[in-house]
Structures are given as C-alpha cells and as structure tokens.
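Note sheet for the following structure.
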Amino acid sequence: MPPEWTRRSVVAGMAALMVPRPAFGLGSGSLFNVAELEVPGASIHRPEAWSRMLHEVIQATSIEADPAIVRVAPDDPALFEHPFAVLVGDGALPEFSDAAIRQLRNYISYGGFLLFDDASGTGRGAFAASVRRISQRIFPTRPLSPLAGDHAVYRSFFLLDRPVGRTRGTGVLEGIQLGPTTPLMMCPADLSGALDRTADGRNRTPLVGGELQRREATKLSINLVLYALTSNYKHDIAHVVELMRGGRLE
Amino acid sequence: MMQWLTGGRLSEDGVLVWSGDPAATAAAAVVCAGVLFWAVRRRGTRRVEELALWLGAMLTLLWAIADPNWAEETGREEPGISVMLVDASRSMRVSDGGRSRSEQAAAIVERFGDDATVLTFGDGLITANDGRSSAGGTDIGAALEAVADRYLGQQLASIVLVTDGIDRGGLRDAFAAGSMAVPPLPGPLTVMQVGEGAALQDDAIEAVRSGGFAFLRTPFHLDASVRGRPGARLELTLRREGRLVDTARVTLGDDGRGEVRFEVTPTEVGRFVWEVSIPVAGNDGVPGNNRFPVVVRVVRDRTRVLQVCGSPSTDQKFLRLFLKEDPSVDLVSFFILRTHQDFGAGWYPDELSLIPFPYERLFTEQLETFDVVVFQNFDYKPYFENGPDRLLGNIAEFVRNGGAFVMIGGDRSFDLGDYAGTPIDEVLPVRLGLTGVSADETGFRPALTAAGGGHPVTRIAGSPSDSEAAWEALPEQDGMNLNRGLARDSAALLTHPTLTVQGERMPVLAVREVGAGRTMALMTDASWRWSFSEAAKGRGNQSYLRFWKGALRWLVADPDDRRVVVQPSVENLLLGEALQVTARVRDAGFVPVAGARISGWVEAPDGARSPIDAITDAQGSASASVVPEQEGAHRVRIKVEDHGTAETVFSVTSRDPELAEIVPDEAFLNALADAYGDRGVYVGSDSGNAPLRDEDATRKVNESRVVALSSVPLVAVLFGAFAGLAWWVRRRNGGH
C-alpha cells in the first residue's frame with residue numbers, strides 16, 4: 001500500500017533533492033518567449049516589462065524561457081515563431097489590414113495566445129474600443145467577454161481573484177473563448193506598466209498600492225504565461241478536487 | 001383383320017397429334033412432287049390412272065413421314081389414401097417414459113401405418129422414413145403445407161401427425177399470439193402426441209444476452225434466462241475461461257422461468273469466453289443445455305491517456321490541445337509547474353494553486369486504468385524518491401501487459417533524464433547510455449524511412465510517396481536527444497538526415513512492440529512546429545493531427561491490429577463443426593511477412609493441445625483447419641520466430657437449439673387440431689384411438705393410350721398397293 005502523501009511530505013521530499021540541474025533546451029524551440037506586436041504610432045514598446053515577467057517565470061516555475069523580447073508586425077509570418085504575443089497601447093489603434101486580421105485569426109485558432117494590455121489602465125478608453133473592434137473582425141461571432149471569477153487564468157499558478165497592474169479595481173480580464181480555451185485576452189489594468197523597469201533595473205512607475213500591488217501584478221503575469229501554456233489544465237477534475245480538499249477552493 | 005390393320009379401336013375422345021419433323025415432312029413433299037412430275041411427263045394412254053395411283057402412293061408416304069398419333073386420356077377413381085407425418089427432429093431423441101420419442105412414434109406407425117404412406121419431417125418434408133430421427137429443427141406448418149402441395153387435387157382418407165409439438169417454424173408462435181390460421185389440408189387431421197411432459201425434468205440456461213461486445217473498464221451485463229421446475233431455486237455460476245467470476249441464485253416463477261443479471265467490468269481488450277452454468281441434476285433430460293458460453297469482444301470506447309510533463313512548454317501545450325479536443329481521448333495531465341529549484345523565488349505556498357504530484361498513486365494503483373502513458377520532457381529523479389526503480393518497473397510491466405508508453409524529447413528526457421539502465425530503458429525503442437553530449441541543438445528536417453512510409457504512425461498522406469512528400473514539406477525541428485540506435489524489435493520511422501549511429505541514420509522517431517504493449521520514442525521537443533508553422537503557411541495543421549492521431553491509434557491498437565494476429569473464423573461453434581484459424585504476420589514496419597513459420601497450439605479445456613504448424617503466404621497470412629472435440633473455451637496461441645506471439649479464444653458448445661426446450665407442447669397440439677374444426681382431432685399416443693378418417697375420400701387415377709397411326713400395317717399395305725399398281729400401269733402403257 002503506497003504511503004498517503006501530503007503536501008508537506010512532497011515539499012520535504014523535493015527539498016531533499018536540491019541538486020542543481022542545468023537548464024537548457026533542445027534549441028530555441030523549447031524555450032518560451034514573448035513577441036511584442038508592433039503597430040507604428042499606436043503600440044507601446046515595453047520589452048523590459050515582459051523580460052521581467054519572463055525572469056519571474058524562470059524563477060518561480062519550471063518553465064524554461066528566453067527573456068529576449070522580439071517585435072513583429074501583426075501581418076509578419078515570423079509571428080508563428082512565438083506562440084505568446086502581446087500588444088500594449090493607450091489610445092486608438094489603426095485599422096488592421098485584412099492580411100493582418102487573417103493571420104491573427106490563424107495564429108489564435110491554431111494555438112497562439114494574444115494579450116492586449118490597456119496601458120491607460122481603465123479598460124474603457126480608445127484602446128479598449130479598438131481591441132473590441134479588432135477582436136470582432138478576427139472572430140465576428142465571438143465577442144470579447146468578461147472572464148468568470150473561476151476562470152483557469154486566475155488559478156493557473158497563483159490563486160487570484162482579479163486583475164491587478166499599474167491600476168487596480170478598474171475591471172476584469174476579458175477574453176474570447178475558443179472551445180475549452182481563451183486564447184485572446186485583454187487586461188484593463190496596465191499590467192506591463194506595473195512590471196516595466198528602467199535600464200538600470202529600477203521600477204519605472206511607482207504604484208498606489210506599493211510593492212504589494214506590484215507583487216500581485218507579477219503574479220498575474222506569471223498566471224498568464226502558465227495559462228497560455230496549460231490552458232484549462234487547472235480545471236481538470238484532479239486539480240479541482242485536490243484544491244478543494246486543501247481548503248483553498250470552494 | 002381390320003383391327004390389326006388399323007392398330008385397334010380408336011376412341012372418339014382422342015386427339016390427333018402430329019409428331020413428325022416438319023422439315024423432314026416438307027422435304028418429303030418436294031420429293032413426292034418430283035415423282036408426280038416425272039409420272040405426268042409420260043406419253044401414251046392411261047396417264048390419268050397412273051397419275052392417280054402415284055398420287056395415292058405419295059400421300060401414303062407423306063402420312064407415314066408426318067407421324068400422326070392418336071392420343072386418348074382415360075382415368076378411374078379409387079378410395080383416398082392415408083398419410084402419416086412423423087416428426088424426425090432432434091427433440092425426438094429425448095427419452096421420457098423409458099423410451100425415446102422416436103421409438104414411441106415408430107410404435108404408432110406400426111399400429112396405424114399399414115395402409116398409409118409414411119413421411120417424415122423436420123424443417124421441411126422428408127419423403128423417406130428410415131426410422132431414425134435425423135432432421136434438424138421442427139416446422140409443423142411447413143410439413144402440413146408440403147403434404148397439401150404433394151397431394152394437390154386429391155382427397156386423403158386421413159392425415160396423422162405424430163410429433164412432440166415443439167414447433168420452431170412459427171406456427172406455434174402464431175398460435176400463442178392468437179392466430180388460428182392453418183394450412184388447408186386435403187383430408188382430416190389426427191394429431192398424435194409423443195412424449196410426456198410430466199415425466200421430464202430439464203433445467204436449462206435458455207439464453208445469455210451480452211450484446212457481443214463491451215467497453216474496457218466499463219461495466220456490462222450478462223443477462224441469463226433460466227428455465228426449470230416452477231418454484232425451483234437454482235444457483236448460477238459465471239466463469240471467464242474456466243475461472244470463477246461470480247455466482248447468483250434465482251427462484252423460478254410459476255411459469256418455471258427466471259432471469260439473472262451478472263455485472264462484469266472487463267479490464268483487458270480482446271475476445272473472452274464467459275460461461276453461465278447451473279448444476280446438472282441426476283434426472284436432467286438434457287444436461288447439454290445447463291451451460292451457455294458466449295464470446296464477448298472487449299473494445300475501448302475512449303483512450304485514456306496520462307500526460308506527464310516536466311516543464312510546461314509550447315510542445316506540451318500543443319499536444320495537450322490535441323488530446324483535449326479529441327473526443328475519443330480521456331486525458332489526465334500532470335505538469336510539473338515548480339521544481340525544488342524554484343522554491344526560493346519568494347512565494348508563499350498558500351498563494352499557489354499547486355497540488356502535489358501524486359506519482360505514487362499514479363504509477364501503482366492507477367496505472368492500469370490508463371491505455372497510454374506519455375512522459376513529455378519529464379525527469380523522474382526529483383520526484384520518484386520512494387523507489388524509482390519500482391515505479392519505473394511498474395510502467396515497464398504495464399507496457400509488457402498491453403499498455404503503451406511514449407517518451408517525448410527535451411532537456412529532461414532520455415539520457416538527459418537519466419533513464420539509461422532503468423526499467424524504462426528496457427522497453428524504449430532506442431538504446432540509451434550515451435556518455436558525454438546527449439543532445440544536438442542544430443536544426444534539422446527528419447527523413448522518412450522505408451518502414452515509416454507505410455507505418456500507420458507516419459503515414460500522414462494517402463500513399464507512402466505522398467507521405468514522404470508531406471514529411472519533406474514540414475518545418476525543421478530545433479534539435480534532438482541523441483541515442484545509441486534502435487533497440488531490439490524496433491523500427492525507425494523518422495531518422496536524422498546526417499547524424500549516424502553504428503553506420504545507420506540516427507532514429508528520431510522509433511516504435512517498438514514489447515510483450516503485449518507498444519512504445520514510441522520521439523527524440524525532439526518541437527513537434528508543435530508541424531502544427532503552428534504549417535498554419536502560418538495557410539496549410540492548417542492536418543499533418544500534426546494525422547501524425548498524433550495515427551500514433552495514438554497504433555499505440556492502443558486492439559489485439560486484432562498487432563504485428564502478429566490470430567483470429568478464429570467463428571467465435572461460437574457447435575461440437576463437431578470445423579473452424580479456420582488464420583494468422584497474420586507483419587514486421588516492425590507493418591509490412592506483411594511471407595514465408596514465416598507459425599507454430600502453436602489449440603488448447604482444449606482439459607489442457608489437451610492440438611499443434612498448429614504453417615507457413616505464411618505472400619500476404620503474410622496462413623490458415624489451419626481445426627475440428628474441436630470438446631465443449632468449452634478453447635485458447636489458440638501461436639508464436640512466430642522473431643516477430644512475436646498472439647492468442648485468441650473461441651467457444652465450443654454441444655448446445656442444440658432444438659433441444660433448448662424439450663417438454664412436449666400438448667396445448668399447442670390440441671389447438672392445432674381444434675383449428676381444423678370437425679376435420680381435426682387430438683389423441684394421445686397411448687389412447688389407442690384410430691385416426692379420424694374420411695371414408696368418402698377419393699382420388700382419380702389417370703391413364704393414357706397413344707396409337708401411332710404412321711406405323712399401323714394399313715399404311716404399308718396402301719403404299720405397296722398404290723406404288724405397285726402405278727408401276728404396273730406405266731409399264732403396260734409404254735412407260736419406262
């Protein structure tokens with residue numbers, strides 16, 4: 001009869017095996033990375049924010065990532081080299097070409113993940129309106145909708161209850177559902193604003209909630225990466241039952 | 001004298017029938033015309049008289065050639081005959097009251113059959129009565145119809161039906177349903193029953209309903225219908241190929257019938273014999289119907305996959321999406337989201353939604369519930385702290401017992417995961433144990449091998465050449481785990497274009513059959529590019545889907561889709577019947593193997609073995625004929641040198657459907673007689689009452705007479721007279 005294990009015993013067992021293992025992949029394909037969508041005159045370039053997110057992912061999770069951020073245009077086929085893409089903005093976006101819309105539809109339909117980050121921090125401004133318009137062109141029959149409080153993105157690594165970025169309490173994550181996954185999301189709280197750093201490593205923007213708020217933003221960013229890779233894994237029955245057994249989920 | 005000349009007296013009711021060949025008659029007419037022309041050309045006196053005589057001779061000749069016949073039909077009436085219809089079905093072999101029913105029937109025939117035509121019947125009418133019960137089933141309606149047809153237009157003095165009344169042709173069922181329609185008969189019917197129901201005990205399993213197939217790990221029902229003495233309490237036993245599975249008790253109802261349901265949860269895929277039986281009492285009339293074997297084929301409804309990944313990655317994401325969206329897959333995923341190296345990142349455990357990795361439970365008690373286990377860039381050492389060899393050994397044993405295992409590349413896989421020398425190493429299709437560099441990070445495009453062209457895993461297009469073209473069009477992989485070449489009994493489906501090992505291209509994708517299970521090794525961690533990069537080109541992700549669908553299908557293949565397969569031509573047969581056992585042999589690349597020697601045996605329930613020895617033909621097939629000599633579950637096991645083994649089962653029974661019910665049906669026979677009103681009567685076999693007769697019944701005996709008018713003596717006399725006189729007149733008057 002196998003021993004009944006507990007979280008404590010597993011953690012203890014893992015801790016006993018603190019043998020460092022060199023992390024490397026089989027070439028670039030095995031490393032997780034981020035592509036920033038570049039829309040001239042409209043998108044905001046914040047590579048340090050995403051690089052910080054990936055550093056946090058490397059530190060906190062088992063994911064092997066490449067913190068070097070690349071920039072690609074929405075209609076550039078190179079986008080398919082990077083299954084995780086972000087687009088940051090605080091104002092209206094120009095109309096995307098039909099080729100760009102077609103490519104984004106293919107990208108999201110076949111396994112890519114696209115995050116729109118509203119740098120205005122409101123979720124109600126011109127950027128959000130542009131995102132809704134673009135989303136409707138990509139998937140005319142699937143509107144951008146608020147994600148439920150028990151969505152897997154809120155428990156993919158950390159247990160969260162709302163999106164926190166440079167701002168907080170401004171809204172909820174919204175997304176487009178394709179089957180069991182949500183491969184397109186919009187964050188209303190300027191997530192990259194909370195993570196962004198200067199070249200010398202200091203936080204670019206002070207937050208109202210201080211470092212506690214930045215910590216929550218970091219947790220959201222890690223959850224987004226984990227969700228992009230594992231989708232609804234945390235909704236698998238085994239995980240739900242285990243979390244409920246531990247009293248961490250009702 | 002005149003009677004002799006004309007062939008006798010001719011009746012006025014006759015008809016003239018011309019039987020000569022029309023062509024011959026026409027030719028003769030032409031010749032006769034020529035003779036007359038020759039006669040009329042003579043010069044001199046009495047030409048008219050000569051011509052008349054020649055005309056008479058020619059007409060007489062034409063009459064003879066035309067061959068007229070005088071046909072006369074006559075008939076006479078005689079008293080109608082009696083017919084005895086004797087049941088010769090197998091149920092007449094049953095003994096009750098000290099004699100078999102066929103012996104009782106023979107006694108009735110002896111008593112009443114002196115002046116009767118005796119016919120036997122089973123499924124239909126059998127004309128000869130050889131005194132034995134040799135027919136198959138019982139179809140009383142068909143037998144009565146056959147008598148009516150046989151004596152169409154006649155009246156019979158009596159028809160005696162001698163039977164036990166266990167009709168299986170439909171007439172009895174129709175009566176039970178309320179119909180009283182019976183075939184019209186040419187005479188009065190006397191029904192004589194043989195067999196006494198009261199003297200008989202027969203407990204029987206009438207039927208076992210299973211549906212024929214069941215789903216793996218899903219309960220299914222075996223419903224048994226039991227018959228016996230009303231109120232009797234019977235114990236039923238369920239066995240699977242001789243091994244006790246379950247028992248149940250049933251109390252029969254007032255109608256002597258009962259139903260029992262067994263619930264069974266199959267744990268293996270394949271064909272299996274389940275047998276329901278009841279004890280045989282000393283006075284049981286038919287012991288053979290106290291057991292009822294059925295072969296049930298167990299199949300998968302959904303493929304249960306365990307995906308274990310050591311590090312979330314794009315490759316893991318795409319495989320999960322594929323598995324999750326396939327409705328035929330029941331997926332359980334476990335991803336290592338955090339390792340011991342990540343514990344110092346400053347996050348509190350209560351902030352996390354992580355659960356412990358239940359490796360102990362997964363790879364011990366729950367392992368058998370999966371069909372496929374996938375290790376995707378998973379290193380076991382940090383987690384399997386409690387007996388890693390035991391847990392990996394469980395997986396290897398799981399494979400040998402019929403499970404499937406896949407290892408996908410990455411920096412935690414194969415030699416990078418320290419699997420060399422472990423039980424997993426023993427079942428992988430590639431050899432591990434490299435020292436030094438264990439991975440190559442150079443991009444490459446895998447090449448399809450000859451075996452891969454036709455293999456179900458890598459056949460991603462219609463033909464091998466199309467598959468090769470499709471693989472060549474797919475994007476490059478980023479790198480691969482190195483290996484020491486193929487393991488024994490393995491096949492490389494994709495190889496590296498330049499890297500070699502022991503003179504061969506290094507395997508990138510390899511497969512292997514191990515015991516009853518299968519393994520697959522994919523040495524890269526970027527198969528996702530076959531999906532995503534293809535989508536970038538607007539070509540969709542069909543190649544990726546076909547590859548993984550093909551892989552899953554092959555990995556969990558049923559026993560009928562393995563390299564070595566043996567199948568019986570029938571799964572349930574009667575004792576004494578022959579069946580064909582066919583074996584099919586394919587190599588690791590699924591190419592038919594010709595000339596392979598197949599050896600093995602058919603094992604009877606008592607352990608006696610009949611050897612099988614055959615050589616495969618060009619299609620990789622070989623057959624052997626088997627005539628089982630025992631009842632019960634038979635197991636066939638074959639071995640093909642260098643290719644593997646296979647086995648199957650079939651069930652042999654002496655159950656005879658005709659003997660499933662043997663109690664005479666007196667009520668039906670009474671109803672049958674009543675259906676004919678005053679021209680039908682039921683009498684018991686021992687009553688001594690003579691059969692019902694119709695003394696006025698008659699039958700017409702037909703006779704016919706044909707007189708050949710061309711061959712009567714008068715024709716020859718006339719021809720001689722006419723021709724002789726004509727010649728005489730001609731010679732006397734100057735003719736030649």
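Among residues of region A:208-222 being within 14 Å of another protein chain (Cβ to nearest Cβ) and small (Gly, Ala, Ser), the one that is surrounded by the fewest Cβ atoms within 10 Å (Cβ to Cβ) is A:221.
With respect to (1) over 27 Å from the mean Cα position of the chain (by Cα); (2) more than 11 Å from chain A (Cβ to nearest Cβ), the lone exception for residue B:309 is condition (2). For region B:448-460, the criterion of being away from chain A (no Cβ under 14 Å), at pLDDT 95 or above and more than 22 Å from residue B:545 (Cβ to Cβ) is met by none of the residues. Can you work out which of the residues in region A:40-50 that are touching a residue at least 40 places away in the same chain (Cβ under 8 Å) and at negative phi is surrounded by the fewest Cβ atoms within 10 Å (Cβ to Cβ)? The selected residue is A:45.
For (1) more than 22 Å from residue B:555 (Cβ to Cβ); (2) charged (D, E, K, R); (3) out of contact with any Leu (no Cβ under 7 Å at 6 or more places or on another chain); (4) more than 8 Å from chain A (Cβ to nearest Cβ), each residue gets a yes or a no:
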residue	(1), (2), (3), (4)
B:360	yes, yes, yes, no
B:390	yes, yes, yes, yes
B:407	no, no, no, yes
B:418	yes, yes, yes, yes
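Please verify whether residue B:315 is of a type in the set (Asp, Glu), outside any strand (DSSP E or B) and away from every other protein chain (no Cβ under 14 Å), treating the condition exactly as stated.
no
Would you be able to tell me the number of residues in region B:159-174 that are hydroxyl-bearing (Ser, Thr, Tyr) and surrounded by fewer than 24 Cβ atoms within 10 Å (Cβ to Cβ)?
Qualifying residue count for the region: 0.
Candidates B:470, B:451: the one that is in a helix (DSSP H, G or I) and under 27 Å from residue B:396 (Cβ atoms) is B:451. Applying the criterion of being facing chain A (nearest Cβ under 7 Å) and outside any loop (DSSP other than H, G, I, E, B) to the residues of region B:344-354, the residue that is modelled with the lowest pLDDT is B:345. In this structure, is residue B:357 at pLDDT 90 or above, assigned to a loop (DSSP other than H, G, I, E, B) and in contact with a strand residue (DSSP E or B) (Cβ under 8 Å, 6 or more places away or on another chain)? No; evaluated as a whole, the condition is false for this residue. Scanning region A:105-133 for residues that are over 17 Å from the mean Cα position of the chain (by Cα) and crowded, with 24+ Cβ neighbours inside 10 Å yields one hit, A:127.
With the condition kept exactly as written, say whether any residue in region B:521-535 is more than 13 Å from chain A (Cβ to nearest Cβ) and of a type outside the set (Ser, Thr, Tyr). There is at least one residue in region B:521-535 that is more than 13 Å from chain A (Cβ to nearest Cβ) and of a type outside the set (Ser, Thr, Tyr).
Of the residues in region A:186-207, at least one is of a type outside the set (S, T, N, Q), part of a strand (DSSP E or B) and either without any contact (Cβ under 8 Å) to a residue 40 or more places away in the chain or buried (at least 24 other Cβ atoms within 10 Å of the Cβ) (or both).
For residue B:434, the test of being buried (at least 22 other Cβ atoms within 10 Å of the Cβ), in a loop (DSSP other than H, G, I, E, B), modelled with pLDDT under 95 and over 52 Å from the mean Cα position of the chain (by Cα) is failed. Filtering region B:367-386 to residues that are surrounded by fewer than 16 Cβ atoms within 10 Å (Cβ to Cβ) and within 10 Å of chain A (Cβ to nearest Cβ) leaves B:381, B:386. Scanning region B:258-285 for residues that are closer than 19 Å to residue B:631 by Cβ, out of contact with any Gly (no Cβ under 9 Å at 6 or more places or on another chain) and β-branched (Val, Ile, Thr) yields B:276, B:280. Residues in region B:511-563 that are touching an Asp or Glu at 6+ places or on another chain (Cβ under 9 Å), over 23 Å from residue A:30 (Cβ atoms) and without any contact (Cβ under 8 Å) to a residue 60 or more places away in the chain: B:540 only.
Counting only strands (runs of 3 or more DSSP E) that fall entirely inside region B:487-544 and contain at least 1 residues that are over 43 Å from the mean Cα position of the chain (by Cα) and closer than 19 Å to residue B:464 by Cβ, the qualifying elements are B:490-501, B:504-514. When the residues of region A:65-81 are filtered to those that are facing another protein chain (nearest Cβ under 9 Å) and buried (at least 22 other Cβ atoms within 10 Å of the Cβ), which remaining residue is farthest from residue B:357 (Cα to Cα)? Per the criteria, the residue is A:79.
When B:269, B:250, B:264 are checked against the criterion of being among the hydrophobic types (A, V, I, L, M, F, W, C), over 30 Å from residue A:179 (Cα atoms), touching a residue at least 40 places away in the same chain (Cβ under 8 Å) and surrounded by fewer than 21 Cβ atoms within 10 Å (Cβ to Cβ), a single residue qualifies: B:264. Criterion first (touching a Leu at 6+ places or on another chain (Cβ under 7 Å), within 14 Å of chain A (Cβ to nearest Cβ) and in a loop (DSSP other than H, G, I, E, B)) does residue B:266 satisfy it? Taking the combined requirement at face value, the residue does not satisfy it. Can you tell me how many residues in region A:146-178 are surrounded by fewer than 15 Cβ atoms within 10 Å (Cβ to Cβ) and modelled with pLDDT of 95 or more? Total satisfying the criteria: 1.
Those residues that are among the aliphatic types (A, V, I, L, M) and either in contact with a Ser or Thr (Cβ under 8 Å, 6 or more places away or on another chain) or over 30 Å from residue B:533 (Cβ atoms) (or both), I need them from region A:100-155; list them, please. A:119, A:126, A:128, A:129, A:144, A:147, A:148, A:152, A:153 - these are the residues of region A:100-155 that are among the aliphatic types (A, V, I, L, M) and either in contact with a Ser or Thr (Cβ under 8 Å, 6 or more places away or on another chain) or over 30 Å from residue B:533 (Cβ atoms) (or both). The residue list B:35, B:83 contains one member that is touching a helix residue (DSSP H, G or I) at 6+ places or on another chain (Cβ under 7 Å), surrounded by 12 or more Cβ atoms within 10 Å (Cβ to Cβ), at pLDDT 85 or above and under 30 Å from residue B:125 (Cα atoms), which is B:83.
Take residue B:337 and tell me if it is modelled with pLDDT of 85 or more, part of a loop (DSSP other than H, G, I, E, B) and out of contact with any strand residue (DSSP E or B) (no Cβ under 8 Å at 6 or more places or on another chain). It is true that residue B:337 is modelled with pLDDT of 85 or more, part of a loop (DSSP other than H, G, I, E, B) and out of contact with any strand residue (DSSP E or B) (no Cβ under 8 Å at 6 or more places or on another chain).
For region B:210-231, how many residues are more than 29 Å from the chain's Cα centre (by Cα) and at pLDDT 90 or above?
1
Restricting the search to region A:91-109, which residues are farther than 21 Å from residue A:230 by Cα and in contact (Cβ under 8 Å) with a residue 60 or more places away in the chain? Matches in region A:91-109: none. Report yes if some residue within region B:175-184 is surrounded by 23 or more Cβ atoms within 10 Å (Cβ to Cβ) and in contact (Cβ under 8 Å) with a residue 40 or more places away in the chain; otherwise report no. No; the residues of region B:175-184 include none that is surrounded by 23 or more Cβ atoms within 10 Å (Cβ to Cβ) and in contact (Cβ under 8 Å) with a residue 40 or more places away in the chain.
The values are calculated or read from the model by the stated rules, or taken from the named source; none is laboratory data. For clarity, every value in this text was computed on a predicted model and none was experimentally measured. So basically every Cβ, Gly included, is an ideal-geometry build from the backbone, and we count neighbours across all protein chains shown.
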